[in-house]
Amino acid sequence: MAIIVDTSSRILIQGITGPTGRSYAERMVRDGTPLVGGVAPGRQGQTVAGVPVFDSVEDAVAATGADAALSAVRSTLAMGAALEALSAGIRTLVVYTENVPLHDAIRMRAYARARGARLLGPNSAGVISPGRANLADLNDSNLRPGRIGIVSKSGTLTYEVIDDLQACGFGESSVVCLGGDPVIGTTYADVLPLFEADAETDLVVLIGEPGGRLEYEAISAMRGMTKPVVAYIAAQNAPPEKRMGHAGAIYDSGDTSAAAKLAAFRAAGCEAVGRVTEVAAAVERALRRAAA
């Protein structure tokens, strides 16, 4: 199994003829991801990395049966591209684009929910099930199949956690990057039940950061889980007045500092650490406790 994407996925890239889209297409095809086409208005009939290019998502879905898409268009086109993809029947959409206006993000999130589709992003590094399908900025060569699920806002922090896990022999079932903007389509609380239901995931690593309340919502979602969750909350030494790099990492009502979130996860009975080098050891402890 895996969550969100796997070998049965049929993937498109919006903006496939641009430098980012072309780079992703070449990598996907090389690494065996089920990429079936791309979209670039006015370029129908061309090919990129051996897959056909269509003028519209509707045409691409009709010809290929695509059900997932990675949007790599510029920010001024991101909302229109998202609405087009969702209207055409795309069920999983990763909006990789940064600097999407807030009101555009609100609209695309609302439309995805109305359509019953899953939206990752904006500003999402995407989702990957190693060895099966990659709808992400994460490189297949840096991951390996395994039984640890990962959910994170940040692609960069995810790489660091993966390195720590793999040094101790752990691989990943699926990795989901939510995006770092204030308004995103999918949350920790949405993803945790998917890992809970996945027979090939034994434990979930949740990577959090200061600012926002998504981690607190995740603690509520954890209460219905039988599988262990290990939380890594980054930036424990960040000054409370400091705004972090992610637009979503802002301080709002209540204590949303890294220290407060770490304490909340521990109070909920979760293995929680504040250093990336402590993640693998926490995973080992949690798995031993679950097996006892």
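Rg and Dmax over the alpha-carbon atoms of the chain stand at 18.6, 60 Å. Between ASN139 and ARG275, the contour length at 0.36 nm per residue exceeds the Cα-Cα span by 46.6 nm. Computed extension length for ASP163-ARG223: 18.8 nm, one decimal, from 0.36 nm per residue of separation with the Cα-Cα distance subtracted. Give a residue-ordered list of calculated ³J(HN,Hα) values for the stretch 61-75 (Karplus: 6.51 cos²θ - 1.76 cosθ + 1.60, θ = phi - 60°; whole Hz; x for Gly, Pro). So the J values, rounded to whole Hz, are 5, 4, 7, 10, x, 4, 10, 9, 8, 10, 9, 10, 9, 5, 4. Only beta bridges with both residues in the chain are counted; by DSSP, about 20 percent of them are antiparallel. Selection among GLN44, ALA60, MET108 by position relative to the dipole of the stretch 11-120 gives MET108 as farthest towards the positive end (Cβ unit charges, Cα centre).
Ellipticity at 222 nm from helices only: DSSP H runs of n ≥ 4 in the chain, each -39500 (n - 2.57), divided by the residue count, give -11000 deg cm²/dmol. Under a model in which nothing but the beta-carbon of Lys, Arg (+1) and Asp, Glu (-1) is charged, the chain shows a dipole of about 200 debye around its Cα centre. Only Cα sites of the stretch 11-120 enter the Debye sum here, all with the same form factor; the resulting log10 I(q)/I(0) across q = 0.21 1/Å is -1.06, listed in q order. So, counting K/R as plus one and D/E as minus one, what does the shell of residues with Cβ under 13 Å around THR186 add up to? That sum, taken over residues with Cβ under 13 Å, equals +2. Need one number: nm distance between label points at ARG113 and SER56, each 7 Å from Cα along Cα→Cβ, rounded to one decimal. Reported label-point gap for ARG113 and SER56 is 2.8 nm. Computing FRET efficiency as 1/(1 + (r/R0)^6) for THR76 and ALA292, where r is the C-beta to C-beta distance and R0 is 35 Å, gives about 0.05.
Read the figures in this text as sums done on the coordinates, not as results from a lab. Nothing here was measured: the structure is a model prediction, and the numbers come from that model. Cβ atoms come from the backbone with ideal geometry, glycine included; neighbour counts cover every protein chain shown.
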